[in-house]
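A short worksheet on the structure shown next.
The values are calculated or read from the model by the stated rules, or taken from the named source; none is laboratory data. Predicted model only: the values in this text are computed from it and were never measured. Glycine gets a Cβ as well: all are built from the backbone with ideal geometry, and neighbour counts include every protein chain shown. Side chains are part of the model used for accessible areas, which takes the heavy atoms of the whole protein and leaves out ligands, DNA and RNA. Shrake-Rupley method; radii C 1.70, N 1.55, O 1.52, S 1.80 Å.
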Amino acid sequence: SLNKQIKIISNFPLEWTNLNGLPLMIRHNTSRVFTSPGIIREKLILNNHECKLTIDDFNKILVISSFPAGDDISADMSLELEKTINSFNDSRYKALIEHLSKKEIYTTSFESEIIFEVVKNKNELIQSLNKHRYAIVVFDMHGGHDKDGHGFLQLTEGIIYPQDLINNAQIPPIVILSSCDTSPADRNHFNVANAFLCAGAKTVLASTYTILSREAANYIAKLYKRIKLYLPERILSEKRSLRWSDFMTGLNRR
């Protein structure tokens, strides 16, 4: 069966393993738990109560962006999301929705708003996270590591270690890191993804290697489309819940 749930306990990204020409994480619903250090393993394995969200929790999606002045890729995410949002206001899209409604094909009035905020420093980042409660937040910024291998996020004014957010900021259950090397295969365990898991996130989408800004922005736009169009159809029309891992694996397959 292609829908088996696979939980990998490993430090190495075995979800990329070639299985009949496709990565394991595409053929199966796959997630990975690091084997060390112990504090992270204990949190993921022992503090494993389910986090239940409703469709209304996705009414607003927070995107936090921060880049050094003059960075060539600073507008990639905002431009891609703006293009996607405008497509929903296009007359052809509205005509299609009206046509489907008349054919009694399932349509929904569900709206999901992108809250796009630009921050410069640690304090502004914390304020943005604490302003409202969100189910999902996307971090649009550079990722990196210091000389000791500790992962950080690059802000307009300096860097921030996600560990500094613990007890200072509300961390949504779903964290998307549109940044390079946030869960690298060639660094230590003090990476950005692990830090967000320790800070309270229930699931983190991170990068094992460097990523291209425009492709990352396109991926986030497709994620937004899937939340706006597919998620309510799956939940409201089929009247049953959906695991976030299933939702993301389906997106990756497509």
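Each of the peptides 110-116, 172-178 was scored by the mean count of other Cβ atoms within 10 Å over its residues; in descending order, highest first, they stand as 172-178, 110-116.
Computed from the C-beta positions of Asn252 and Asn86 and an R0 of 22 Å, the FRET efficiency is 0.30 to the nearest 0.05. The angle between the Cα long axis of helix 122-131 and the main principal axis of the chain comes to about 40°, on a 0 to 90 degree scale.
Only protein heavy atoms count here; on that basis, with a 1.4 Å probe, Val118 has an accessible area of about 100 Å². Relative to the longest principal axis of the Cα atoms of the chain, the long axis of helix 76-88 lies at roughly 20 degrees. Within the full protein context, the accessible area of Glu98 is estimated at about 100 Å² for a probe radius of 1.4 Å. Extension gain for Ser78-Glu50 works out to 6.9 nm (0.36 nm per residue, less the C-alpha to C-alpha distance). Grab the other residues whose beta carbon is less than 15 angstrom from that of Gly70, score K and R as +1, D and E as -1, and report the net. Neighbour charge sum, excluding Gly70 itself: -3.
Per atom type, segment 64-205 shows carbon and sulfur on 49% of its accessible surface, probed at 1.4 Å. 3J(HN,Hα) along segment 245-250: 4, 5, 4, 6, 5, x Hz, from the Karplus curve 6.51 cos²θ - 1.76 cosθ + 1.60 with θ = phi - 60°, whole Hz, x for Gly and Pro. Counting only protein heavy atoms and a 1.4 Å probe, the chain has 56 square angstrom of accessible area per residue. Our analysis of segment 61-160 gives Rg over Rh at 1.14, with the two radii drawn from alpha carbon positions and Rh computed by the Kirkwood formula.
A viscosity of 1.002 mPa s and a temperature of 20 °C, combined with the Kirkwood radius over C-alpha pairs in the Stokes-Einstein formula, give segment 138-254 a diffusion coefficient of 140 µm²/s. Couplings for segment 103-111, taken from phi via the Karplus curve 6.51 cos²θ - 1.76 cosθ + 1.60 with θ = phi - 60°, read 7, 6, 8, 4, 9, 9, 9, 4, 10 Hz in order; Gly and Pro are left as x. Relative to its residue count, the chain spans a Cα convex hull of 146 Å³ per residue. Close amide H contacts of Arg32 (hydrogens built in the peptide plane, cut-off under 5 Å, sequence separation of 5 or more or a different chain): Ile8. The accessible area of Thr203, taken with all protein chains in place and a 1.4 Å probe, comes to roughly 50 Å².
Only beta bridges with both residues in segment 101-201 are counted; by DSSP, about 55 percent of them are antiparallel. In terms of accessible area, using a 1.4 Å probe and ignoring ligands and nucleic acids, Arg187, Arg254 rank largest first as Arg254, Arg187. Note on the chain: helix-only mean residue ellipticity at 222 nm, from DSSP H runs of 4+ residues weighted -39500 (n - 2.57) and normalised by residue number, equals -9000 deg cm²/dmol.
With the highest mean first, a sort of the peptides 87-97, 219-229 on other beta-carbon atoms found within 10 angstrom per residue produces 219-229, 87-97.
Rounded to whole numbers, the Karplus 3J(HN,Hα) couplings from phi for segment 168-173 are 10, 9, 6, 9, x, x Hz, using 6.51 cos²θ - 1.76 cosθ + 1.60 with θ = phi - 60°, and x at Gly and Pro. Compared with the dominant principal axis of the Cα atoms in the chain, helix 91-102 is inclined by about 60°. By DSSP, the beta bridges lying fully in the chain are antiparallel in about 25 percent of cases.
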